[in-house]
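So the structure is just underneath, and the comments pick up after that.
Rule-based calculations on the coordinates, nothing more; no lab input. This is a predicted model, so every value here is computed, not measured. In this analysis, Cβ positions are derived from the backbone assuming ideal geometry, glycine residues included, and neighbour counts consider all displayed protein chains.
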Amino acid sequence: MALNTVKLLNDNGLRKTDCRLDVLDYLLAQDHAVTHGQLELEFPQFDRVTLYRTLSTFEDSGIIHDVKDGSGATKYAICRHGGCSHEGHEDEHVHFKCNKCGQISCVDNVLIPEVPLPEGFRAKSRSFLIEGLCKNC
């Protein structure tokens, strides 16, 4: 298990359970977002609810963020920018979806621009998805 896994859990005041350690190690090793279903296949020793609770805890703590790609399946990726916490996510960046393999990658160095909204409108979240072919396809 990587040292940064334990540090992330400690920094966020989270207990070090087997599920949290394993899932966080796995997410840190990925270069793309993953679904709950992918985690179920990777970790059959943990039940569906435990994995959902783990993802929810990580998201609430600002360790991961969700990515909605229009497919109906929520995907999850590590918040690598820093500044994310239980108070909110500060890494609103562009995501890239490969139309061939379906992988979603974070484009951390490109932030979503501020969009002026009409008077009386309030944004709850923002997303920006670019589709095309990834470097492997």
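Multiplying the sequence separation of D18 and N99 by 0.36 nm and subtracting their Cα-Cα distance, what value in nm do you get?
Here the segment from D18 to N99 would lengthen by 25.7 nm.
If each DSSP helix of 4+ residues adds -39,500 (n - 2.57) and the sum is divided by the residues in the chain, what number results at 222 nm, nearest 500 deg cm²/dmol? Numbers along the way, then the final one.
On the way: 4 runs with 42 residues, N = 137.
My calculation for the chain gives -9000 deg cm²/dmol from helical runs alone.
Within the chain, what is the number of lysine pairs with alpha carbons under 19 Å apart, leaving out pairs fewer than eight places apart on the same chain?
9
Principal axes first, then extents: for the Cα atoms of the stretch 1-56, list largest minus smallest coordinate on each axis, whole Å, largest first.
Cα extents, longest axis first: 27, 24, 18 Å.
Report the normalised scattering of the chain as log10 I(q)/I(0) at q = 0.11, 0.15 Å⁻¹, calculated by the Debye formula with identical scatterers on the alpha carbons.
-0.42, -0.78
Taking the Cα centre of the chain as origin and charging only Cβ (+1 Lys, Arg; -1 Asp, Glu), how large is the dipole, in debye to the nearest 20?
Details: 15 positive and 20 negative charges, 37 e Å.
Computed about the Cα centre, the dipole is about 180 debye.
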